[in-house]
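What follows is one structure encoded as structure tokens, with my remarks underneath.
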Amino acid sequence: MLNNYQNNSSTLPTKIVCIGRNYVAHIKELGNQVAEQMVIFLKPSSAINNELLSVHGDEALHFETEICFKVKAGNLAEVGVGLDLTKRELQTQLKSKGLPWERAKAFDGSALFSEFVAIEQADIAKLEVSLRINGRLQQQGNVELMLYKPDVILDQINEFMTLNDGDIIMTGTPAGVGKISPGDTFSAQIHLADHLLVEQSWVAK
Ligand code: ZN
């Protein structure tokens, strides 16, 4: 099924840059160590989907809800909310062998995004993300809790990779990740202090 991006290929990002292990409480829930360096991986634009899948291939999918930025002229120009879908079991196997994560993180349908709205640079520090599943609060986090703040993320990416207009940065997930069940209603929000900036709902297939 075509999604908004595929319907208009001119808006496809050249890459989606994802940050891992950016919230201490999430690092602990997966039994990971705080990394010595910022953890970065990529998703291809073919990962973008409008449908929330609960299964891909023969593996159940897990959700991670993340504050996302769209880059314009080298700046974090717009903010949205995204889901980084993960084959957690496979990722755990790959990690234990020291292998790349793409099979667990870059499959078709592994990246979902809301609309993106303009954000003032001074307001980025006040962003908060939340996810409700069937109305119950499941994940909540904010820029304050990030180990690597958005400006640092941008600087570190720029040290070795050119960001093109339209590229998306996923800034990592707070605690509360889990498995997606078919029929569940996901409602993700970005708040700027007390003001609701972005809201997106999906029903899991
Ligand atoms: Zn993630």
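The values are calculated or read from the model by the stated rules, or taken from the named source; none is laboratory data. None of these values were measured; they are calculated from a predicted model. Don't worry about glycine lacking a Cβ; one is built from the backbone with ideal geometry, like all the others, and counts go over all protein chains shown.
Worth pointing out:
- Residues (part of a strand (DSSP E or B) and not polar (S, T, N, Q)) located in region 160-187: Ile168, Ile169, Met170, Gly178, Lys179, Phe186
- Number of positions in region 66-99 that are among the hydroxyl-bearing types (Ser, Thr, Tyr) and without any contact (Cβ under 8 Å) to a residue 24 or more places away in the chain: 2
- Selected residue [within 16 Å of the ligand (Cβ to nearest atom), among the β-branched types (Val, Ile, Thr), surrounded by 14 or more Cβ atoms within 10 Å (Cβ to Cβ) and not in a strand (DSSP E or B)] from Ile190, Ile124, Ile157: Ile157
- Asn134 being out of contact with any strand residue (DSSP E or B) (no Cβ under 6 Å at 6 or more places or on another chain) and either at pLDDT 95 or above or under 21 Å from His26 (Cα atoms) (or both): no
- Among the residues making up region 93-121, those that are modelled with pLDDT of 95 or more, within 14 Å of the ligand (Cβ to nearest atom) and in a helix (DSSP H, G or I) are Glu102, Ala104, Lys105.
- Top-ranked residue in region 70-84 [being under 25 Å from Ala204 (Cα atoms) and touching a helix residue (DSSP H, G or I) at 6+ places or on another chain (Cβ under 8 Å); ranked as farthest from the ligand (Cβ to nearest atom)]: Val79
- Count of residues meeting criterion [within 12 Å of the ligand (Cβ to nearest atom) and within 14 Å of Ala106 (Cβ to Cβ)] in region 48-63: 0
- Members of region 42-78 found to be within 25 Å of Thr162 (Cα to Cα), within 13 Å of the chain's Cα centre (by Cα) and of a type in the set (D, E, K, R), listed by number: Lys43, Glu66, Lys70
- Members of region 79-109 found to be under 14 Å from the mean Cα position of the chain (by Cα) and surrounded by fewer than 19 Cβ atoms within 10 Å (Cβ to Cβ), listed by number: Ala106
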